[in-house]
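Here it is, the structure in full.
Bear in mind that the values in this text are calculations on the coordinates, not laboratory data. Keep in mind that this is a model prediction, so the values were computed, not measured. As a convention, Cβ positions derive from the backbone with ideal geometry for all residues, glycine included, and neighbour counts pool all protein chains shown.
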Amino acid sequence: MIGNTEQKQLIKTARITGVWYLMMAISGILGFMVFHSQIFVSGNPEQTLTNLVELESTARIRLLFEFAIVISQALTAVWFYKLFKDSYELEAWTLGIWGMVNALAIMISAISIASAIGVANSDISVMEDKVVLIQVFQNIISNAWGIGGLFFGLWLFPMGYIVIKSKRMPVWLGRVIILGGIGYLITTFIRYAGIDFSYNRFLILPATIGEFWMIGYLLMFGIRPSNE
């Protein structure tokens with residue numbers, strides 16, 4: 001009876017984890033993949049400055065989605081720790097802490113977006129000064145996400161390890177997640193080593209598959225009973 005109660009509580013925790021994870025995915029897709037390119041034009045700070053002034057409302061929506069990513073990432077990390085701490089305490093701590101580092105990396109991006117909006121709509125009269133500052137903020141945003149790829153990958157390792165060792169989720173889910181983590185690390189190193197590799201983005205495809213698989217499993221099934 002006690003075991004059934006504990007399992008029901010774990011399933012509830014797993015599904016809440018899935019909700020936070022889904023929120024993170026949705027806010028990331030909308031913020032980074034939909035709204036970001038409408039405002040921030042790579043290699044063109046002048047156009048970006050124009051967009052920040054003429055499309056200020058859209059820019060602020062982009063910023064709010066960045067807030068949503070930070071909050072949902074932090075909550076996902078906390079709930080993963082809560083889900084796994086009783087059986088795999090060290091790995092759960094590692095997963096939670098590295099997940100929080102992800103949130104901090106994205107918060108740096110959010111700070112830069114807010115600063116860019118502020119500078120673009122400020123009373124600075126010299127246009128060249130504004131353009132230079134916007135370019136700096138664009139680079140910070142890009143590199144916060146780019147170098148953040150290190151921990152976007154690292155936090156998948158304890159997640160995948162727990163799945164494989166516990167067998168409370170599909171073992172292949174854990175393997176795909178770990179493969180995705182490796183892909184993130186390799187992609188980040190290739191990018192910042194200055195290597196021109198046209199297929200670099202495909203290296204994180206296993207991470208995308210694994211994370212959406214994890215979200216779906218958490219929401220639909222939660223977590224299997226322990227075999228111990």
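Dipole of the chain, Cα-centred, from +1 at each Lys and Arg C-beta and -1 at each Asp and Glu C-beta, to the nearest 20 debye? Working shown, then result.
Working: 15 positive and 14 negative charges, 212 e Å.
That gives a dipole near 1020 debye.
Now for a separate question. Expressed as a rounded percentage, what relative contact order does the chain have, with Cα pairs under 8 Å and six or more residues apart?
In percent, rounded to a whole number, it is 22.
Can you work out D for the range 50-170 in µm² s⁻¹ from Stokes-Einstein, where Rh is the Kirkwood radius over C-alpha pairs, the temperature is 4 °C and the viscosity is 1.567 mPa s? Please list the in-between numbers first.
Numbers: Rh = 16.1 Å.
Once the numbers are plugged in, D ends up at 81 µm²/s.
Among TRP20, TRP93, TRP213, which comes first, then next, by fewest other beta-carbon atoms within 10 Å?
Fewest to most other Cβ atoms nearby, the residues stand as TRP93, TRP213, TRP20.
Now a separate question. Figure the gain on full extension for TYR199 and VAL34 (residue separation times 0.36 nm, minus the Cα-Cα span) and round it to one decimal in nm.
57.2 nm
If the range 112-228 were replaced by its equivalent ellipsoid, with semi-axes equal to the square roots of 5 times the Cα gyration tensor eigenvalues, what would those be, largest first, whole Å?
Values: eigenvalues 314, 63, 19 Å².
Result for the range 112-228: semi-axes of 40, 18, 10 Å.
Would you compute the Debye intensity of the chain from its alpha-carbon atoms alone, equal scatterers and no solvent, and pass along log10 I(q)/I(0) at q = 0.07, 0.10 Å⁻¹ to two decimals?
Relative scattering, expressed as log10 I(q)/I(0), comes to -0.26, -0.51.
Roughly what angle does helix 45-54 make with the longest principal axis of the chain, taking Cα atoms, 0 to 90 degrees, to the nearest 10?
90
Sticking with this one: Between the helical axis of 205-220 and the dominant principal axis of the chain, each derived from Cα atoms, what acute angle in degrees is found, rounded to the nearest 10?
Helix 205-220 sits roughly 50 degrees off the main axis of the chain.
If I fit a long axis through the Cα atoms of helix 156-166 and take the longest principal axis of the Cα atoms of the chain, what angle between them do I get, 0 to 90°, rounded to 10?
10
For the residues MET24, MET100, what sequence is obtained by ranking on other C-beta atoms within 10 Å, fewest first?
Values: MET24 26, MET100 18.
So the ranking, lowest neighbour count to highest, is MET100, MET24.
Determine, for the range 2-220, the count of lysine pairs separated by eight or more sequence positions (or lying on different chains) whose alpha-carbon distance falls under 20 Å.
10
In whole Å, how far is the Cα centre of the range 209-228 from that of the range 1-69?
22
So what is the 222 nm mean residue ellipticity for the chain from helices alone, if each DSSP H run of at least 4 adds -39500 (n - 2.57) and you divide by all residues, rounding to the nearest 500 deg cm²/dmol?
Mean residue ellipticity, 222 nm, calculated: -27000 deg cm²/dmol.
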